[in-house]
1. Run the quick spin-label model on Asp19 and Ala108: label points 7 Å from Cα toward the beta carbon, then report their separation in nm to one decimal.
2. Can you pick out the pairs among Lys29/Lys75; Lys21/Lys105; Lys21/Lys61; Lys21/Lys47; Lys29/Lys81; Lys29/Lys105 whose Cα atoms lie more than 29 Å from each other?
3. If you take every residue apart from Ile100 with its C-beta less than 15 Å away from the C-beta of Ile100, what net charge results, scoring Lys and Arg +1 and Asp and Glu -1?
4. Between Ser8 and Arg45, what's the calculated FRET efficiency when r is the beta-carbon distance and R0 is 25 Å? Round to 0.05.
5. In square nanometres and to one decimal, what's the mean projected area of the convex hull around the Cα atoms of region 9-137?
6. Can you give me the relative contact order of region 9-137 as a percent, contacts being Cα pairs under 8 Å and 6 or more apart?
7. Hey, can you grab everything whose amide H is under 5 Å from the amide H of Ile77? Only 5+ residues off in sequence or another chain; H modelled, so Pro and N-termini drop out.
8. How about region 61-101: which trypsin sites (Lys or Arg not before Pro) there are in a DSSP loop, with at most 12 other Cβ atoms within 10 Å of their Cβ?
Amino acid sequence: MSAERSYSAAQAAAVTGLDVKAVHNAIGKRVICALSDGATPEAARVKADAFLIVDVAEARKQVRASLRQLEAAEKAIHASKDIMGGAPVFAGTRIPVRLIAGMLKDGATTEDILSGYPSLTERHLELAQLWVAAHPAVGRPSRASADGYRLKSRSRRKLAPSARGNS
């Protein structure tokens, strides 16, 4: 891991377990800079002011472990316009990462997903959740017609006048 690498607010939120809004708030209030000013990068405790000393050793340990997980996810997930139209997929598969993370979010069990996608492992599912949290989708969702779905029928009906409108 390089100390020089920059992370987006979404990546920082995914790694720390904080809400993206909390990360933006900490950046805006310069909390992150205030805690690191005057401290060595490996300090176990940081003096925030005359009355506050923060023990950061365990937090650093947890963040480093999460950063290693994020790096593993970045290596295991690829996107190419030639595969699934550029949707991020697990390396060597055509299985969309966002689909798997969405299934987990919607309550699908690990066993159900692994039985439906035998080329995946539990590790893939963990990496999918972290990767999706670190790389939120941008823009509007694609239209059904763009995904190859066609409208079978269309009907228009007039709404019945409301009871209040007839009074």
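1. Those two pseudo-labels are separated by 2.8 nm.
2. Lys29/Lys75; Lys29/Lys81; Lys29/Lys105
3. -1
4. Details: r = 28 Å, r/R0 = 1.13.
Efficiency computed from Cβ-Cβ geometry: 0.35.
5. Values: hull surface 38.6 nm².
Mean shadow area of the hull around the Cα atoms is 9.6 nm².
6. Numbers: 120 pairs, mean separation 32.3, N = 129.
It rounds to 25 percent for region 9-137.
7. It is Ala91, by chain and number.
8. Hits after loop and neighbour filter: Lys81, Arg94.
Where a number appears in this text, it was derived from the coordinates with a stated rule and is not lab data. A quick note: this is a predicted structure, and the numbers were derived from the prediction, not measured. FYI the Cβ positions are ideal-geometry reconstructions off the backbone, even for glycines, and counts take in every protein chain you see.
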